[in-house]
Amino acid sequence: MRLIHRFALMALMLCVALPALAEYTPDPNAARDDVPGEFKWDLGQLFSDEAAWQASMDELGGQVQMISAYEGKLAVGADLQECLTTYFDLHNRINHCTLYANLLVATHLDDDHAHDMETRALGLMDELGRAASFIRGEMLEIEPEAMQAAYREMPGLEVFRPYIENLQRRADRVLGAEAERVLGLLGDNQWAEIDLNEIPSGHETSFGALLTDIQWPMVHDEDGNEVQMTLASYGRFRGSPDREVRREAVAKFFATLRQYQHAFASTLGGQFEFTVALAQSRGYDSALEAYLDKDGLTPAVYRNLIETVNANLEPLHRYMALRKRAMGLDELHLYDLYRPLTEGFEVDVTFDEASKGLMKALQPLGPAYLEVLERGMDPANGWIDVYPNAHKRSGAFSASVYGRHPYVLMNFQNSQDDMSTLAHEYGHAVHSHLAMNAQPYSSYRYVPFLAEIASTCNEALLSDYLVANAKSDGERAYLLADRMESIRTTIYRQTLFAEFELAVHSFIEQGTPITATLLDETYADLVRRYYGPSYTLDPDDGMEWAYIPHFYYKYYVFTYATGLSSGIAIADGLRGDNAEDVQAGLVAMLSGGASEPPLDLLRKAGVDLTRPAAIEAALKAFEQTVAEMEKLID
């Protein structure tokens, strides 16, 4: 889904309402003023200018302490309703100021004044958080019967029911005021309000510093030149067309990590011990239970993913054997996994072609979804910042502004990969737009578990359409190879990570000391089992755990695998006999925000991740892709 042949691209073109756009050649070094205005997002839809932003900041600065007037009064229903109304109104308006500054910084990284604006806005949000810190504690003291009576007596309180019920659901996990204060200082995010990012632990900070300070070795490039390898360039060397370049880079990379193995084991072991301690302090049976409970999930979802993937490893083993044959290798090593199986189909794709093409490829999503997509991709509506410029943030993201619309940052450089990224980011944008137009601010922001589903569904539909319209076996093979790698790296690999994370937490919960040797052996055993007999395990493969940052995110990595599995399963449903029901269910799920438990919302789209079916469907798609590729290559 990232690399598209021109013939397939042309097949995507159709008469859609998106207007023709002016021609522009992307230039990453262009000054911001040299990028045509029609391709920039419109921050004027947030604030007309900086003076208006400053006026709002000044006004809000004088209003933040208003929330303190409700302290000690929330047992009375009317005061609770007024307090929550005031709090979320202030939060939303401050968030507008914060996002305005965030977006300004994203396109002007060299602008110290923009960074100062961002710091001031974030400071105001922190001030609100401190002023409102009493709310959760007082709400949890309200008896359930009294809360139900308050709902009946004050219909206006009903809008906050999802927020209140999610808080009260975990009431028995709350400790005394002093204990909560201490846990907050330690970065415990169990009670984080929306938009409050988790504070990195000292172990995570040390991990980042260790990676930064490592002196990476010199390696040889494809021309035989000795060059400096960095953490950022490792991926490029690992995927080199020259096998000796790949082999040397991977060997030296892991040999370098090996020199610091005990330091890495200390930071990761310390992080997991910290996570377990936080969970135990709140009376949870395990860290897994604690960190899934925050989003209304249960360990059954996590274990279902691991068990289902482990029951379907044969297609991955088959893919490893196919890759080994296709590359003509006697042995398949880690440094052979990231080299594309096929090449030669890279062509230019303009933003105009990509946006119109996506409108065709995503037709199965139905009119309600497509109407938002079409509006958002039209640069005239101010949602998107299309092209790179000097001092612009790299990559892509979607940022949601409640009461306005999402903003999408791209660095579109006329590549097929950019087209796939566009599909992905507009999954986030459509999800946010539907949620904010259906839910109050207090319950519109969906949990991370649901965040990738619309995006991966978009990518799956784009991939399917391109494969179906391929004009040659070579083009088809290129697209199929890309799909296989997407599923391998996002479902199989991330589930391997998830299983490793669970295993190491379990060691700690059982009192087993964490050492570099134990981590190596645990990780190597998983790699051996997942990749099967056609894969040759090298002595240092078990060290890969050492540089994976996701292990510091407290049971987050599994959501990549469940997200793609769900996206593929929904895409399958959109092509089935009940397509209209799936369309309606998907829109209902995306519109739900955080108004219901995430598993209940996902079931509206026909996916139940407490059962194997959706994951099996995704892995069946992988198996079918491998079979198609075998016919083309063997």
For region 100-116, check the following and say yes or no: at least one residue is in contact with a helix residue (DSSP H, G or I) (Cβ under 8 Å, 6 or more places away or on another chain) and modelled with pLDDT under 90. no
Give the residue that is nearest to R603 (Cα to Cα), with candidates limited to residues of region 429-474 that are under 19 Å from the mean Cα position of the chain (by Cα) and of a type in the set (S, T, Y). Y446
Selection within region 531-553 - without any contact (Cβ under 8 Å) to a residue 24 or more places away in the chain and not in a helix (DSSP H, G or I): L537, P539, Y553
Per the filter on region 276-298, residues over 20 Å from the mean Cα position of the chain (by Cα) and part of a helix (DSSP H, G or I) are V276, A277, L278, A279, Q280, S281, A287, E289, A290
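Listed here are the residues, each with its yes/no results for (1) of a type in the set (V, I, T); (2) under 30 Å from V447 (Cα atoms).
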| site | (1), (2) |
| --- | --- |
| E343 | no, no |
| D348 | no, no |
| L362 | no, yes |
| L365 | no, yes |
| I384 | yes, yes |
| Y387 | no, yes |
| Q416 | no, yes |
Counting just the residues of region 323-344 that are assigned to a loop (DSSP other than H, G, I, E, B) and within 22 Å of K252 (Cβ to Cβ), which one comes out nearest to the chain's Cα centre (by Cα)? Y338
So is A121 surrounded by 18 or more Cβ atoms within 10 Å (Cβ to Cβ) and either in a loop (DSSP other than H, G, I, E, B) or in contact with a helix residue (DSSP H, G or I) (Cβ under 8 Å, 6 or more places away or on another chain) (or both) or not? yes
Checked pairs for region 494-522, first under 11 Å from G269 (Cβ atoms) and in a helix (DSSP H, G or I), second at pLDDT 95 or above and of a type in the set (D, E, K, R), C-beta under 7 Å and 6 or more apart or across chains, list as I508/E273
Those residues of region 152-171 which are more than 30 Å from the chain's Cα centre (by Cα), surrounded by fewer than 16 Cβ atoms within 10 Å (Cβ to Cβ) and in a helix (DSSP H, G or I), in sequence order: R152, E153, P155, G156, E158
Among what's in region 345-389 and is crowded, with 16+ Cβ neighbours inside 10 Å, aliphatic (A, V, I, L, M) and in a loop (DSSP other than H, G, I, E, B), pick the residue that is farthest from the chain's Cα centre (by Cα). V349
Region 52-111 - residue that is of a type in the set (D, E, K, R) and in a helix (DSSP H, G or I) and, of those, surrounded by the most Cβ atoms within 10 Å (Cβ to Cβ): R93
Criterion: of a type outside the set (D, E, K, R), in contact (Cβ under 8 Å) with a residue 40 or more places away in the chain and in contact with a Cys (Cβ under 8 Å, 6 or more places away or on another chain) - qualifying residue of L84, L74, L46, L80: L74
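The values are calculated or read from the model by the stated rules, or taken from the named source; none is laboratory data. Just so it is clear, the model here is predicted, and its values are computed rather than measured. Neighbour counts run over all protein chains shown; Cβ positions are idealised from the backbone, glycine included.
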